[in-house]
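Novice: Here it is, the structure, as structure tokens.
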Amino acid sequence: MDARVPSSHTGDELDELVRLFNNMLEKIETLITGMQDALDNVAHDLRTPVTRLRTVVETTLQSESDQEALREALMDCAEESERLMTMLNTLLDISEAESGVMRLNIEEVDVAMLIKDVVELYQYVAEERQISISATVPEGLKARVDASRTRQVIANLLDNAIKYSKKGGNIDINAALKDNELKISVKDNGVGIASGDLPRIFDRLYRGDKSRSRRGLGLGLSLVQAVVHAHKGHIEVRSRPGEGSCFTVSLPRG
């Protein structure tokens with residue numbers, strides 16, 4: 001797929017045809033490479049919980065376990081099954097949003113309270129890693145959005161910020177109304193994102209972490225973008241390796 005038609009650079013119709021043909025080949029090559037990367041990710045991340053399930057079952061069947069051991073084995077199986085279901089449901093959510101069929105329950109939402117709830121949910125995990133989270137949100141800040149989906153967006157961004165922050169790092173969450181839009185930003189001083197990865201971080205199943213040292217299917221940011229677009233909003237990111245990242249979500253206020 002890396003072969004290209006030699007160009008004469010004459011600028012005539014034949015040369016234009018060669019240029020178009022080569023552009024088409026480049027797009028096909030990019031698509032195939034992306035599909036291979038996605039399949040590699042799926043194979044790796046789905047194989048792990050399935051292997052764990054099988055190992056637990058086989059080990060339990062081969063041993064003379066008491067009732068308590070059997071109970072623990074079933075709980076392990078239930079946990080891995082839940083992880084699989086989460087992956088599949090996230091993929092379905094992204095597909096629904098991208099195809100325009102995601103149903104949003106738009107209502108007046110107290111954004112300050114919503115962000116406070118998400119921060120409290122992740123506070124324990126952050127404290128374990130000595131990461132501080134600060135939120136600057138005007139009291140009574142409200143907007144007409146889907147509360148559940150907006151919570152997903154903030155939670156995914158905060159989860160990523162914690163995951164890629166160094167020990168003792170800081171995460172700042174800000175929210176405000178500007179130009180009739182609700183703007184929510186999540187900023188960290190973590191490892192940052194390489195410039196080569198930035199254009200693809202919202203791609204479904206894309207993993208910039210080639211070492212795969214962090215668990216995940218690479219669906220978090222894809223879901224964030226899908227939900228934001230379902231709200232007719234947009235998301236921007238600024239990042240530099242070693243200096244951290246800042247994700248800013250803009251949603252129509254009403």
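A short reminder: the numbers here are calculations on the coordinates, not readings from a lab. Since this is a predicted model, take the numbers as computed values, not measurements. Using ideal geometry, Cβ is built from the backbone for each residue, glycine included, and neighbour counts are taken over all protein chains shown.
Novice: Among the residues of the range 238-251, which ones are surrounded by 15 or more Cβ atoms within 10 Å (Cβ to Cβ) and touching a residue at least 12 places away in the same chain (Cβ under 8 Å)?
Specialist: S239, G244, S245, C246, F247, T248, V249, S250, L251
Novice: Any residue that is farther than 24 Å from Q225 by Cα, part of a helix (DSSP H, G or I) and either of a type in the set (A, V, I, L, M) or touching a His at 6+ places or on another chain (Cβ under 9 Å) (or both) - is there at least one of those in the range 81-91? Before the answer, list the steps.
Specialist: At the first step, the residues of the range 81-91 found to be farther than 24 Å from Q225 by Cα are 81.
Okay, now just the ones that are also part of a helix (DSSP H, G or I), so 81.
With either of a type in the set (A, V, I, L, M) or touching a His at 6+ places or on another chain (Cβ under 9 Å) (or both) added as a condition, the list becomes none.
The answer is no, given that none of the residues of the range 81-91 is farther than 24 Å from Q225 by Cα, part of a helix (DSSP H, G or I) and either of a type in the set (A, V, I, L, M) or touching a His at 6+ places or on another chain (Cβ under 9 Å) (or both).
Novice: Now for a separate question. Any idea which of (1) of a type in the set (V, I, T); (2) within 18 Å of the chain's Cα centre (by Cα); (3) more than 24 Å from E236 (Cβ to Cβ) is the one T150 doesn't satisfy?
Specialist: Among (1) of a type in the set (V, I, T); (2) within 18 Å of the chain's Cα centre (by Cα); (3) more than 24 Å from E236 (Cβ to Cβ), T150 violates only (3).
Novice: Report every pair of residues separated by at least 6 positions or lying on different chains whose Cβ atoms are under 6 Å apart, first residue within the range 79-91 and under 14 Å from R47 (Cα atoms), second in a helix (DSSP H, G or I).
Specialist: Close Cβ pairs (under 6 Å, with a partner that is in a helix (DSSP H, G or I)) amount to E80/P49; E80/R52; E80/L53; R83/P49; L84/P49.
Novice: Of all residues in the range 97-109, count the ones that are in a helix (DSSP H, G or I) and either touching a helix residue (DSSP H, G or I) at 6+ places or on another chain (Cβ under 8 Å) or at positive phi (or both).
Specialist: Final tally of qualifying residues: 2.
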